[in-house]
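The values are calculated or read from the model by the stated rules, or taken from the named source; none is laboratory data. Please read all numbers here as calculations on a predicted model, not as lab measurements. Glycine gets a Cβ as well: all are built from the backbone with ideal geometry, and neighbour counts include every protein chain shown. To get the accessible areas, we keep the full protein, side chains included, count just its heavy atoms, and leave off ligands, DNA and RNA. Shrake-Rupley method; radii C 1.70, N 1.55, O 1.52, S 1.80 Å.
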Protein chains: 4
Amino acid sequence: MTFFKNLIKSIMSGELKGRYFRSKDFGVLHKDINKAVESVMSKSGEVSSLVYAEHLFNLIEDLGDKQFIDFFNILLEKYDIDPNSLSKASIEYSKNKTQKNLEVITRSSEPQWVELFRRLNTVSEGTLRLVKLRERIRSLEKDNPSLAFFDRALLNLFKHWFNPSFLVLKRVDWSTPASILEKIIAYEAVHEINSWSDLRARLEPEDRRCFAFFHPLIPNEPLIFVEVALTDNMPNTIDEVIKIDRSITIDKDINTAVFYSISSCQDGLSGISFGNFLIKAVAHKLKRKNEGLIICQILLMR
Amino acid sequence: MTFFKNLIKSIMSGELKGRYFRSKDFGVLHKDINKAVESVMSKSGEVSSLVYAEHLFNLIEDLGDKQFIDFFNILLEKYDIDPNSLSKASIEYSKNKTQKNLEVITRSSEPQWVELFRRLNTVSEGTLRLVKLRERIRSLEKDNPSLAFFDRALLNLFKHWFNPSFLVLKRVDWSTPASILEKIIAYEAVHEINSWSDLRARLEPEDRRCFAFFHPLIPNEPLIFVEVALTDNMPNTIDEVIKIDRSITIDKDINTAVFYSISSCQDGLSGISFGNFLIKAVAHKLKRKNEGLIICQILLMR
Amino acid sequence: MTFFKNLIKSIMSGELKGRYFRSKDFGVLHKDINKAVESVMSKSGEVSSLVYAEHLFNLIEDLGDKQFIDFFNILLEKYDIDPNSLSKASIEYSKNKTQKNLEVITRSSEPQWVELFRRLNTVSEGTLRLVKLRERIRSLEKDNPSLAFFDRALLNLFKHWFNPSFLVLKRVDWSTPASILEKIIAYEAVHEINSWSDLRARLEPEDRRCFAFFHPLIPNEPLIFVEVALTDNMPNTIDEVIKIDRSITIDKDINTAVFYSISSCQDGLSGISFGNFLIKAVAHKLKRKNEGLIICQILLMR
Amino acid sequence: MTFFKNLIKSIMSGELKGRYFRSKDFGVLHKDINKAVESVMSKSGEVSSLVYAEHLFNLIEDLGDKQFIDFFNILLEKYDIDPNSLSKASIEYSKNKTQKNLEVITRSSEPQWVELFRRLNTVSEGTLRLVKLRERIRSLEKDNPSLAFFDRALLNLFKHWFNPSFLVLKRVDWSTPASILEKIIAYEAVHEINSWSDLRARLEPEDRRCFAFFHPLIPNEPLIFVEVALTDNMPNTIDEVIKIDRSITIDKDINTAVFYSISSCQDGLSGISFGNFLIKAVAHKLKRKNEGLIICQILLMR
C-alpha cells in the first residue's frame, strides 16, 4: 500500500488546482464580481475554469459584509430555477416516464448557482474555503434570511463530499503534530483545556485516548474528536477524570471506557452528524483490544 | 505533512465501513433483496445502515442478469418521484420563493433510489463497486433501456465524488508496484503493450514518461493514463516512438514532448472527462522543468 | 522511493531483536551477571545470542552504582587483551606481511569485551540503550578512572554507527510531533526555552528555522539541533532575535541567516562532532533557496 | 511514528554527501590518485573531506584492472601498520594497563588505509559502492593474493554497518516495485525464475510468501531473500512446489511452511551470514499467524 501513502500529500499540493495555472494562459479576469461569475458559469469541464474559479473565490472572500450579502442576493435572483419549466417538466414526466424526461427535471430543479459552488470546490484548498464560506454565511443568516438558501445548498454538497467513505479515524496523542494539537486545545468545547500540560495529561497517559475524524481534502483540520478515559470503574464525577494529578490505571485493571467529551470543530459543517459514527468506530476499536470493555458516555456534546 | 501520509491507507482499510461491524449487533439481514432495500432506506445517518448496505450490495452483485434487470425495474417503479407533488411544489415556489419551498423541490425532484446508491457508497470499497456496477449496467443497457436511469444517476453522483479536487496525478515508472503496472498493460487501448519488456521500454528510459490519475477511494486502479515521449524533434511515425530498440534522447537535446497514447481505464466512469485535465496537468509538470518544451499530441484517444 | 518509507518503522519495531524471540526456545538465562556475559560471548552469529544479549542488558541496567562499577572492572580483567601474544604477533607480521598475520593482530589488539557491546547493540533499542549506558559510565568516570576504557571503546563503536552516512537532517517546525518538540525544549542549552509559546515563537514564524540531525536507530531523539533567524540585517543583540513579540521579516527582505543557538542533545555521544556537518548542511539548504544569503553565527555552542 | 517515515528517503537523497557540495568551495582535486588519497587522509571530520572522498571514489572506480591492483598495492605499502611501534605499545601496556596505553594499541594495530574506507563510505551511495568495490576485489583476488587484505578489512567494516540492528525484513509480493522484482528474478540462484508469469506464480498466490532483508543505506538492493510455500503437507518433490499451474491451498488447510529457496544477492557481502536470521525471523512471523505451523526447509542455499 506504500505506493499510495502520499496520495493525500499530492491532493494537498494542489496539482490540479487553480493556483497551478497561470492566468496569462487564459482570457480576462474580471474585477467585476458578477462578470467573474459569468466567466466561471460559462466554462464547463475545462482547465481554464479553474483559473476563473480561483479568481472569483478570492473576490468573494474579500467582500465586506454588505457587499457579501448583496452578492448572494444577486446570485439568487439571476440564477434561480424556473418554476414554470419545472412544473411543465413534471407533467411531461408523469405522462412519459423516460430517462430524458427525468433528466430535464434534474436539471430544472437545481438553481444554477449550485453548480457555481461545485466549481469553487475545485480551486486550491477549495473545500476548506467553502466550509469557511458557509461558516460566514451562517453568521450573517439571522439578519439576512435569504442566505438560508446557500447555507442549505452547501450542506447538501457537503453531505456528498464528507460522506462516511471519506472520513478517516486517527488517534490524536502526544506524537501528533503540535499544529493539530493546538487546534484540539482551541476546539475543545466541553471541558476546557487550559495549557499544554493539561493537554498532555489528557493525551499521553496510557489510560487516556483521543480520536478524531479527518478528511483528505482538509487534512490539517480535525472535524470532530472524542476524549476517552480508560478506568477500572465508573467514575463518580468528571473532575476525577480530568484532573491533571491522578494515578494511572494500569492495563490489566481497565474494564470501562468513559467517553467524557466530544467536540465538533467546524461550524461550517453544522448539520452533518459525525458524532454517531465517531463513537461507534472508537468503541469498536477499543473493544477489539479488550472485548469485555464497558463503554459509557458522561458527555455533554457541543 | 507526514502526519497525513497514511490517511489514504486508513480510508482503504475500511475503518468505518460495513464489514467492520458485526451483523449480530443489529437486526435481521433479509435474504429477500427488496426487503433488504427497505432496511437500507429506512435507516438514516446511523451506523447500522452500513451493515444493511453491505448486505444489500452483496445481494445485488450476486444477481444473475435477468434478476439484476428485474431488481432495477422494481426500484424504478417503487422509488420513483411523484410528478404531481413536484408540479405542486414548483407552483408553490413560484408564488413564494422561500428556502423551505425550494427544499421541497429538491427533495421531490430526486427519485428515492438515488439515496440508495449514496448509502451503498459507504460500504467497504463501495466506490469501486459502484463503478463496476455502472459498468455492468451499461453493458446491459442496450437491450434494457430503462437501465439508462441508473447509468445516468450514477454518473451524476460520480461527478461529485470524482471531481478534480480529488484526483491525484502520479508518475508511473519502473518503481511502481507490479500490481499497478499489469493494469497499465491491460488498459493500454491505443498501442498495445505486448510484454513486460515492452512496458519497461515505455517507462524506464530517461526520455519516456507515463502519468496517471488516481482517486483516493479506489487507489489500486488508475483512472486514465498518458504515455509521453521526450524527443529532439517531431517524430515522423508512431513506430519510431514505440519501438523497443532505439537510441535514447539525452536530456540536453530534448525539445519536444509527444503525447502518443492516452487510455481511459474504467468504463464505469464513462462520461466524466479526465483527459483534458490530465493533459494540461502533465504539460504543466513537464514545462516546469523545461520551459521551452513543445507539447504535441499524435494520439488517438480511447 | 515509497517502498522504503517504512523501512525505519520496521527497524524500530524490533523485528530482529531480542524481545522478538521467546526465551523458552533457548537455554538457561543466568541470573548471575558474569555467567550471563559468558552466554553472550559464547554464541556467535546465532539468533539465540539476541535473547542472551537482551537478558544481559536488562541485568546491567538494573545494577546499582557500586555493582555497576564492579561489573566493568571484572570485564576489564577477564576479557583483556594479551599483550604478549600481541607483541609476538607484531614481530611475526614484521617478518611476514601476510593477511593472515595481520588478522591475528586485529584479533589480538581488541579486548574481547568490545565484542560484547556489539552484541548488546543488536537488542531492542540497543543503540539508544548503549548511548544511555555511556552517559552513565561518563557520569561515574571521574571517581572510577578505569571506566575510561569503556567510555572510549563505546565512542569508537559509535563513530561507526553514527557516521555521516546515517545522519538525517530534518526540519523541526510547528508540525513536528509534540513528543519531539518537548525534547527541543529540554535540550536547548544556550538560550533557554521557557514555554510552548516561547517555542512556537522560535519555530513557526516564516523567518525562523530549526533543523536537527536524527539517526534511524534512535528516531525519537534529536542528536543535535540548530536554531536560525532569517533577518534583513545583522542583529545587534541576541535579545532582538529571541524576544517573542517582534515584527516578522518578510521573504523578499531576508538577506542574512543568523545561526543563534546550537545544542547537542546526547551526552552519551560526546566526542562525535556533528556540529560542523549540521552547520554546513543547513547553510547549503538555505542557500539553495536564496543564493546571496549571508550566513553568520553568533552562537555559543553547548 | 509517521514523522520518521521519510528518514530513509532523506538518507538516500544524499543530504550530507559528497555530491551535495560543490568542489569549487574547496581546494584542488588532484588527478593523481595517490595525491587524492593524501587529500582524503589529511582531513578529518570536516565537510571538505566529503568532496575529496567523492572525487577519490570516482577515480578508483575508473581504474583499469592493472592500475586497480597497483593502486591497492601502493596503499598497502604506504599506509601499513608499524609492527615495531605496535610491539612496543604491547609491552608498555603489559606494564601499565591504562586506557591511554590501550588507545595507542588500538591506533597502532589498524592500517591507516582502513580509515580511508570509512571516509569513502560517507559519499553518495558510498555503502553500495563499497560493496561493489569488494565484489571487484574478490573477483581479482585469486591472481592477486595481496588483495585479501582489503577483502577482509571491508568485511570487518561491513560487519559493523550491516549488523542485525540495521536489517529490515520486508515482504516481497506483487505490489512490490518492478525495479525490485526484476532483481529477485536476477538473483534467484536456486530455482531459476524464467519470466514475469513465473515470478507472479511465486509471489501472488495466497499460499506463497517471499521475504527479503534490506538495509537503509542500500534500499534498492535486497541482501538476501527466501521463498516459502504454505502447504497442507510435506511436498514430495520441489516440482510440486514451483510449477506454475497448480491448485492453491486454502488458508484453513495450511499446516506446513516449506522454505524452498534462499538466495544471497550481494557477493560483496560474502562472509556475513544473514541466512540464519532471515529464516528465524520469517519462521517467527509466520508462526504468529498460525501457531501450529510446521517449518521445513528443502532448500539448497546459494
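When chain A is treated as a GNM, springs tying every alpha-carbon pair under 10 Å, which of A:Glu115, A:Glu182, A:Glu291 comes out with the largest mean-square fluctuation?
Highest fluctuation of the listed residues: A:Glu291.
Per the helix-only calculation at 222 nm, which mean residue ellipticity applies to chain B, given -39500 (n - 2.57) for every DSSP H run of n ≥ 4 and division by its residues, nearest 500 deg cm²/dmol?
Rounded to the nearest 500, it is -14500 deg cm²/dmol.
Would you mind listing the distances between the C:Ile91 label point and the same position in each other copy? Use 7 Å along Cα-to-C-beta, nm, one decimal, shortest first.
Relative to the other copies, C:Ile91 has label-point distances of 0.9, 12.3, 12.3 nm.
With chain C treated as a Gaussian network of Cα nodes joined by springs under 10 Å, which of C:Gln112, C:Gln266, C:Gln67 yields the largest mean-square fluctuation?
C:Gln67
Provide the per-residue ³J(HN,Hα) series for the stretch D:121-129, in order, calculated from phi with Karplus coefficients 6.51, -1.76, 1.60 and θ = phi - 60°, each as a whole number of Hz, with x at glycine and proline positions.
Taking θ as phi minus 60°, the curve returns 5, 7, 7, 4, 6, x, 5, 4, 5 Hz for the stretch D:121-129.
Within 10 Å of each Cβ in B:155-164, how many Cβ atoms from other chains are there, averaged over the peptide?
4
Give me the percent of accessible area attributable to carbon and sulfur for the protein assembly as shown, probe 1.4 angstrom.
47
Can you tell me the relative contact order of the stretch D:150-296? Whole percent, Cα pairs under 8 Å, sequence separation 6 or more.
Taking the mean separation of contacting Cα pairs over the length of the stretch D:150-296, I get 25 percent.
Cα to Cα, under 17 Å, and not fewer than 8 places away if on the same chain: which aspartates and glutamates meet these conditions relative to B:Lys78?
B:Asp32, B:Glu38, B:Asp70, B:Glu110, B:Glu115
In nm², what is the average projected area of the convex hull enclosing the Cα atoms of the stretch B:152-237?
Average projection, Cα convex hull of the stretch B:152-237: 7.3 nm².
Charges on Cβ only, +1 for Lys and Arg, -1 for Asp and Glu, centred on the Cα centroid of chain C; of C:Leu169, C:Tyr93, C:Tyr79, which one is farthest towards the dipole's positive end?
C:Tyr93
Compute from the Cα atoms of chain B the Rg and the Dmax, the latter being the longest Cα-Cα distance, and quote both in angstrom.
23.7, 73
With +1 on each Lys and Arg Cβ and -1 on each Asp and Glu Cβ, how big is the dipole of the protein assembly as shown about its Cα centre, in debye rounded to the nearest 20?
0
Leaving ligands and nucleic acids out of the surface, order B:Arg202, B:Arg138 by accessible area at 1.4 Å, largest first. The partial results should precede the final answer.
Details: B:Arg202 10, B:Arg138 75 Å².
Sorted by accessible area, descending: B:Arg138, B:Arg202.
Across the stretch D:198-204, in residue order, what do the Karplus-derived ³J(HN,Hα) couplings come to in whole Hz, using 6.51 cos²θ - 1.76 cosθ + 1.60 with θ = phi - 60° and x for Gly and Pro?
In residue order, the calculated couplings are 4, 4, 4, 5, 8, 10, 8 Hz.
Note the distances from B:Ser273 to each other copy's matching label point, with points 7 Å along the Cα-to-beta-carbon direction, in nm, sorted shortest first.
The projected label point of B:Ser273 is separated from its counterparts by 4.2, 6.5, 6.7 nm.
What are the label-to-label distances in nm, one decimal and shortest first, from B:Arg107 to the same spot in the other copies, with labels 7 Å along Cα to Cβ?
Values, ascending and in nm: 2.7, 8.9, 8.9.
Probe 1.4 Å, all protein chains in place: accessible area of C:Lys88 in Å², nearest 10?
Accessible surface of C:Lys88 is approximately 150 Å².
Quick one: ranking D:Ile254, C:Ile295, C:Ile250 by accessible area, 1.4 Å probe, largest first, what do you get? Intermediate results must be reported in sequence, preceding the final value.
Working: D:Ile254 20, C:Ile295 50, C:Ile250 90 Å².
Sorted by accessible area, descending: C:Ile250, C:Ile295, D:Ile254.
Taking the full set of protein chains and a 1.4 angstrom probe, give the accessible area of B:Cys296 in square angstrom, rounded to the nearest 10.
Counting only protein heavy atoms, the figure is 20 Å².
Among A:Gly126, A:Gly268, A:Gly292, which one shows the highest mean-square fluctuation when chain A is modelled as a Gaussian network with alpha-carbon springs under 10 Å?
In the Gaussian network model the winner is A:Gly292.
Can you give the accessible area of D:Ile185, probe radius 1.4 Å, in Å² rounded to 10?
It works out to around 40 Å².
For the stretch C:165-181, just list the computed ³J(HN,Hα) in residue order, Karplus coefficients 6.51, -1.76 and 1.60, θ = phi - 60°, integers in Hz, with x standing in for Gly and Pro.
Listing the rounded values in order: 4, 8, 6, 10, 8, 10, 6, 9, 9, 6, 9, 6, x, 4, 5, 7, 4 Hz.
About the Cα centre, and with charges only on the beta carbon of Lys, Arg (+1) and Asp, Glu (-1), how big is the dipole of chain C? Nearest 20 debye, please.
980
Give me the one-decimal Kirkwood hydrodynamic radius in Å for the stretch D:148-302, with the sum taken over alpha-carbon pairs. Mind showing how you got there, number by number?
Details: mean 1/r = 0.0614 Å⁻¹.
Answer for the stretch D:148-302: a Kirkwood hydrodynamic radius of 16.3 Å.
Return a whole-number percent for the relative contact order of chain A, with Cα pairs under 8 Å and 6 or more residues apart as the contact set.
Relative contact order here is 15 percent.
Work out the P(r) tail for the protein assembly as shown: percent of alpha carbon pairs separated by more than 43 Å, whole number.
For the protein assembly as shown, the fraction of Cα-Cα distances above 43 Å is 51 percent.
Share of Cα-Cα pairs in the stretch B:190-261 beyond 16 Å, in percent?
Considering the stretch B:190-261, 52 percent of its Cα-Cα pairs are separated by more than 16 Å.
With +1 on each Lys and Arg Cβ and -1 on each Asp and Glu Cβ, and nothing else charged, work out how big the dipole of the stretch B:173-267 is about its Cα centre, in Debye to the nearest 20.
Its charge dipole is roughly 120 debye.
When Cβ neighbours within 10 Å are restricted to other protein chains, what is their mean count per residue of peptide B:77-89?
Values: counts 1, 0, 0, 3, 8, 2, 12, 3, 1, 10, 10, 2, 5.
If you average over the peptide's residues, the count of other-chain Cβ atoms is 4.
With only alpha-carbon pairs counted, each pair once and no self-pairs, how large is the Kirkwood hydrodynamic radius of the stretch C:106-155 in angstroms?
11.5
How far is the Cα center of the stretch A:198-270 from the Cα center of the stretch D:161-188, in Å?
Between the Cα centre of the stretch A:198-270 and that of the stretch D:161-188, the gap is 41 Å.
Taking a probe of 1.4 Å and counting only protein heavy atoms, give the total accessible area buried between chains B and A in Å², rounded to the nearest 100.
Its buried surface, counting both partners, is about 7200 Å².
Could you tell me which of the pairs C:Lys97/D:Lys88; A:Lys66/A:Lys183; A:Lys289/D:Lys252; A:Lys43/B:Lys159 are separated by over 20 angstrom between their Cα atoms in the structure shown?
A:Lys66/A:Lys183; A:Lys289/D:Lys252
Would you pull out the residues with amide H under 5 Å of D:Ser261's amide H, same chain only if 5 or more places away, H placed 1.01 Å from N?
Those qualifying (amide H under 5 Å, at least 5 residues apart or on another chain) are D:Glu227.
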